[in-house]
Structures are given as C-alpha cells and as structure tokens.
2 protein chains.
Amino acid sequence: MENQNPVSENLPKLLILRPPHIIKLFEDQFSDKFQLLKLWESPIPTDQFLAAHCASVEAMLISGLTPITADVLRRLPLLRLICTTSAGLNHIDLPECRRRGVSIANAGSAYSEDVADLAVGLLIDVLRRVSAANRFVRDGAWPIKGDYPLGSKLGGKRVGIIGLGSIGFLVAKRLEAIGCSISYNSRKKKPSVPFPFYDNVCDLATNCDVLVLCCALTDQTRHMINKEVLLALGKEGVIINIARGAIIDEKELVRCLVEGEIAGAGLDVFENEPQVPQELFALDNVVMSPHRAVFTHESLWDLCQLMLGNLEAFFSNKPLLSPVVDE
Amino acid sequence: MENQNPVSENLPKLLILRPPHIIKLFEDQFSDKFQLLKLWESPIPTDQFLAAHCASVEAMLISGLTPITADVLRRLPLLRLICTTSAGLNHIDLPECRRRGVSIANAGSAYSEDVADLAVGLLIDVLRRVSAANRFVRDGAWPIKGDYPLGSKLGGKRVGIIGLGSIGFLVAKRLEAIGCSISYNSRKKKPSVPFPFYDNVCDLATNCDVLVLCCALTDQTRHMINKEVLLALGKEGVIINIARGAIIDEKELVRCLVEGEIAGAGLDVFENEPQVPQELFALDNVVMSPHRAVFTHESLWDLCQLMLGNLEAFFSNKPLLSPVVDE
C-alpha cells in the first residue's frame, strides 16, 4: 500500500491516485524524497484509502487524466498543494481549490518547445511531402516511377497562428527563421507583439497560406475552424493542428481535404482519439501523428524536475516554481 | 528546328541542348524574349545542329545534367555565356571556358533555402518520429496498440554541420531558432562565424548528437563519413544527408543503422540513385526522400527569373546577376 522502506516514513507524504508518465519513468526520483502513497497499487478501495491518509496528506501529484472534483477535495481536508503534470487545468475544480486554499502547480511551458517543434515538422512534412516521399521510396517506386512531384517552399508563406501563447510564440519564432511571414488571432491583441493581429479567424484564413492552431479548447474555440474558415483558407491552404481535435469541425475538414477545397493538413490531434477518420488514410497530403506533440524523453525529464522542485518548495515553505495564478 | 514565329527571328538566340526543368515548366518566359534553338526537338544530328548555329550562338542554357566539354566549346566559337540551372559546376570544362573567355552564370543560392528546410524537416521527422507515427496512425494501430513511443527533443541537441556554405548556414540559422547548439567542419575555419569549428570530422562527430551533411562531393569528401565517424557519432547519434550520397560510405551507414550503432538517419540522397539499400525499408528510424531537397515550385520560378535576368543582362552588356567567379 505504501513504501515499506522505514526511512521513507520520515519523508513528506505525496498522494498519487494514478501514476502520471513521470512516475512510470522516474519513480525513484520521487521515492527518494517523498513517502509515496500509491492508490493504484493498493488493494483498498479509493474511499478507504483516502480516509486512511486524509489526516496527513498535504500534497498530491496528478496527471491531466485524473479528475479532482469537489468530492475528492472534501475528503482531503489538509490538502494544500496539487501538482499536475498537465499544462491544462480543466480536470480540476478550480473554484473549490480556491475556496479551500489549495495551491496548484502545473507543467507551465515545459512542453511548449516540443509542441512547437512538431508543428514546424508537420508543416515542412506537408509542404515538402516528406512522409509521402518516404512512402514512395520505401515502396520501391523511385526506380520505376522516376521523379517525385515537387513540393512547395516554406519561405514567403503567410502563416496565421491561432492562439499566441507560449506555444504559438515559439512556432512563430521558428517559422520566422525559415522566412515565413506571421500574423495571428487570439482572444485579444497582444501589445508587445510585432505580428499583424486579426480579431476574426475567417479574415486571418483569407490572408494566409497556412493556419497553425495553438489555442486552448474552450466553449469559444470548439469548432472554431468550420466550413467557412476552411473555404477562406482555400485550395492552396494548409492547416496544422497541434492543439485539440475539436477546435476543428473534423467532418468538414475531411470533406475539404477529400474534395481538394484545401491543400493539406498536419494533424497531431483528432476529435475522437484514438479514432481517426479513415478517409484521411488514403490522402498523401495529410500527415498524422497520434497526439504525441507534447512528449519527448527530454521534456518528461524536465517536467519531473519541475514537479520535484514544486514539491520541495512547498514542503520547505518557499514559492512554487510553476504556480497557477488565479485570473 | 527553331521557333517559327517570325517575330522571334529578331530576338537574341539561345541554344538549349536538353531542356532543363525550368524550360519544361516555363518555356514561354524564355520564348517571349529569345529565339530558342532547341536541339532536343530537332531531327538533325547534334554535330550538324551545332554547325548550323555556330556562327551566331553567343549564349546557351543548360542543366547540371548536360556536360559541356572542350569539344562542345570548340564547336561554338562565338559562345560567351553559359547559364547553368545547377549550383554545381562539375559538368562544365571550366579551364576551357576560361581560356575561351566564356562566362558562366549558375543557380547561385536559389535552392539553398529549400534544401535547408528539408534538412530541418528530416531532422524533426527522425527525432520526433513523424513519418513512422504517420504510418502507425494510417495502419490503424493507434486504437489497438495505444501510446506511440516517445521521440527526442530538438532543443539542446548538439548539431555538427559539415560544410558551412549558404545551405549549411541556413540550416544553422533554423536550428539555432529551435534551440540547438551548432558547431561545424569545413575546409577552413570561417572567421566571421560564431560557431565552434572542428577541423576533424571525427572530433566533430564525437562532440555532437546530430551531423548534417551540407558539403560538396569532391575527391576529399567522398566516403568522408566512414565507419570511424559513424562510431564516433554513437548510438544516440543521428545523421542527415541532403548533400550527395557518396559523401557517406553507404554500406557502413546501413550496417550501423541495422545494428543500432547510430540512432537514426534522414536521407535525401544515396550512393546509387534511384537505387536505395533495401535494408533501410524496414527501419522506423530512417526517413528517406528521393533527392528532392532542391526543388519546389517556388524555387524553380525564382530560378527561371534568375536565368532570364542573367541572359537579359548579358545581351544588354550589363553585369550578370549570378556570375561564377574564378577562384
């Protein structure tokens, strides 16, 4: 049920309901410094497990897949810190945390560079047909069919970034170095940013060759990329989505790709993962990855250190490294 | 045999032995301004064709696939300009051109950005497993096999660029924006460049996670990347080749990839194109494209304009736009 090492009994307790990736990979890093209370390894039902530790647990570590409801919070009256390995917070009852004085530390921008790199990789892949060319070579077609069709140049492309947070900004930085011209849409114009701002996604699409989705999924952004936006992007247009599948109306996207209403797509995310629309499998101008933009070995190690740093700061009454600040 | 349009007879003559890509795509651009003498459309043998025009041809347009020997040059005594759509010049007898006062204009750096973009695309693809992940999704494996293996982060990687000409420099610029640290090898240290220089490729490989080949194929660089260099690069190392296949000892490369002596490769070029070693087809950590780094629609259009500009400058006694300067 918990670490049997007698030394660990003197360590601060850390509640973990389900193991995040970083625990699967780097558990020793945590068990060296904390007494890990591992629900998923316990034969005891959740209620009893929480009851057994409610009088001592001040900190917990969760992933983005572990919902923290008001009910869970009520069962842990001494809880003061939730460390979540996600950047997003939609799995946590934030008002209840606030009411109870529970602080939250999240992944901050630990993943942002990886996501931005994949966005650029998907864009180069779609425009220069890398994955499709790779299939062409692997199928042995080169000696038989000869020259592979030309791709399209990145330099000079007008790229519209939707959501200019830490990821969007890193995408912009990378694509500027390649010679693309950047404009953006976000909830509001950012005064410190030199790129042209469009407050309307359709206008942005009309004036761009490429759209890169970097925004959060909210009620406002769900199906923001609809038929109208896709038609505004047009027959030469390419869309890259490393954000969330449901930001695009996926049925319309598939139809536009199949019918040639847009030129191509690079998709790390889908509306009903892990289900992917089968119509896309036949298209050479679509590059897909299985929601992997976030993770590399290196960023998980960085995330592990960030979570450890937050926990150590908490237990020694220092400021958190990546606190979630109430807006 | 030649353009029948009577207007064209007043235009300057342009000899074309075989049609470069830009003539296939944009012939009108040239025929509007020049009287095209097209050997490949003529029923007359080459000797007679050249004899028929030798008293009037001052300029010719060639691709990198048309050898210009001393014999060809002797048959065209009035020739003063060769425009080659290639960046390389190894198909032209340069000493004989010099002796005869024939100027040469080449592609300059018209392709460099495209090549650099593909190098970056191949590196992201190999490190983040884009093409392999794309196959995983297309094969319908995601719902069945679940999480795809983690990739490796680009930021922080030590990248060694071999050959820091216009392409190598653009690769460096792009990878710096992604957070890689750059060092390089070239014939000699470049005083104006801030990156660490290694005069020995093996030392460079020892100190790098990634090698990107951007140098010309010469007697000195043939099989420069041999077993020793590959073993120095090591089991975590990745090699990207957008230069020429024969710069790598391909048999050793295949052996190292199959046996896990290096981590992966992104290859646009091969020793015996279009033949590709079949052992590579089974490897997920290898991304291949069929020698397409150079060409996009946009760069061919730019090249067309550059060649037209050189020809117009020549015929109006102005300086060439992209002259080859004798070293």
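Taken together, the values in this text are just the output of simple stated rules run on the coordinates, not laboratory data. Predicted model, so just to flag it, every value in this text is computed and none were measured. Note: ideal-geometry Cβ built from the backbone for every residue, glycine included; neighbour counts use all protein chains shown.
So what are the ³J(HN,Hα) numbers for the stretch B:152-169, from phi and the Karplus equation (6.51, -1.76, 1.60; θ = phi - 60°), rounded to whole Hz, Gly and Pro as x?
Per residue, the Karplus-derived 3J(HN,Hα) values read 10, 6, 6, x, x, 5, 8, 10, x, 9, 9, x, 9, x, 5, 5, x, 5 Hz.
Do you know the relative contact order of chain A, to the nearest whole percent, from alpha carbon pairs under 8 angstrom that are 6+ apart? Let's see the in-between values first.
Numbers: 571 pairs, mean separation 49.9, N = 327.
With pairs under 8 Å counted, the relative contact order is 15 percent.
Which whole number gives the average count of other chain Cβ atoms within 10 Å of the Cβ atoms across peptide A:298-307?
Values: counts 8, 5, 2, 1, 3, 0, 0, 0, 0, 0.
For this peptide, the per-residue mean of nearby foreign Cβ atoms is 2.
Could I have the simple spin-label model distance between A:Asn207 and B:Arg99, label points 7 Å from Cα toward Cβ, reported in nm to one decimal?
Rounded to a tenth, the inter-label distance reads 6.1 nm.
Taking a label point 7 Å out from Cα toward Cβ, give me the nm distances from A:Pro95 to the same spot in the other copies, shortest first, one decimal.
Copy-to-copy label distances at A:Pro95, shortest first: 8.7 nm.
Tell me the mean residue ellipticity at 222 nm calculated for chain A from its helices only (DSSP H runs of n ≥ 4, each -39500 (n - 2.57), averaged over every residue, nearest 500). Walk me through the numbers before you get to the answer.
On the way: 12 runs with 114 residues, N = 327.
Theoretical 222 nm ellipticity from helices: -10000 deg cm²/dmol.
With θ set to phi - 60° and the Karplus curve 6.51 cos²θ - 1.76 cosθ + 1.60, what are the ³J(HN,Hα) couplings of the stretch A:115-124 in order, to the nearest whole Hz, using x for Gly and Pro?
5, 4, 4, 5, 4, 5, x, 5, 5, 4
Cα to Cα, under 20 Å, and not fewer than 8 places away if on the same chain: which lysines meet these conditions relative to B:Lys235?
Counting by Cα, and skipping residues close in sequence, B:Lys235 has these lysines nearby: B:Lys153, B:Lys157, B:Lys227, B:Lys251.
Check B:Gly264: other-chain or 5+ apart residues with amide H under 5 Å from its amide H, H built from backbone geometry?
Excluding prolines and chain starts, which carry no amide H, the hits are B:Ile239.
Return the lysines within reach of A:Lys318: Cα separation strictly under 24 angstrom, same-chain partners fewer than 8 residues apart disregarded; answer none if there are no such residues.
A:Lys13, A:Lys33
With each label point set 7 Å from Cα along the Cα-Cβ vector, what nm distance links A:Lys188 and A:Leu25?
Output for this residue pair reads 3.7 nm.
Which angle from 0 to 90°, rounded to the nearest 10, does the C-alpha axis of helix B:21-31 make with the longest principal axis of chain B?
30 degrees
So if I place +1 on the C-beta of Lys and Arg and -1 on the C-beta of Asp and Glu, and nothing else carries charge, what would the dipole magnitude of the stretch A:111-288 be about its Cα centre? I want it in debye, nearest 20.
On the way: 20 positive and 23 negative charges, 98 e Å.
Computed about the Cα centre, the dipole is about 460 debye.
Please compute, for peptide A:151-162, the average count of beta-carbon atoms on other protein chains lying within 10 Å of each residue's beta-carbon.
Numbers: counts 12, 5, 12, 10, 9, 3, 1, 0, 0, 0, 0, 0.
Other-chain Cβ atoms within 10 Å of each residue's Cβ, averaged: 4.
Could you give the dipole magnitude of the stretch B:1-78 about its Cα centre, charging the beta-carbon of Lys and Arg +1 and that of Asp and Glu -1, in debye to the nearest 20?
Values: 7 positive and 9 negative charges, 41 e Å.
That gives the stretch B:1-78 a dipole magnitude of about 200 debye.
So what's the angle, to the nearest 10 degrees on a 0 to 90 scale, between helix B:297-315 and the longest Cα principal axis of chain B?
Relative to chain B, helix B:297-315 is tipped by roughly 30 degrees.
Copy-to-copy spacing for B:Arg255, label 7 Å out on the Cα-to-C-beta vector, in nm, shortest first?
Label point to label point, same position, other copies: 5.8 nm.
Rounding to the nearest 20 debye, state how big the charge dipole of the protein assembly as shown is about its Cα centre with +1 on each Lys and Arg Cβ and -1 on each Asp and Glu Cβ.
900 debye
Distance between Cα centroids, the stretch A:98-147 to the stretch B:122-146: provide it in whole Å.
Here the two parts' Cα centres lie 10 Å apart.
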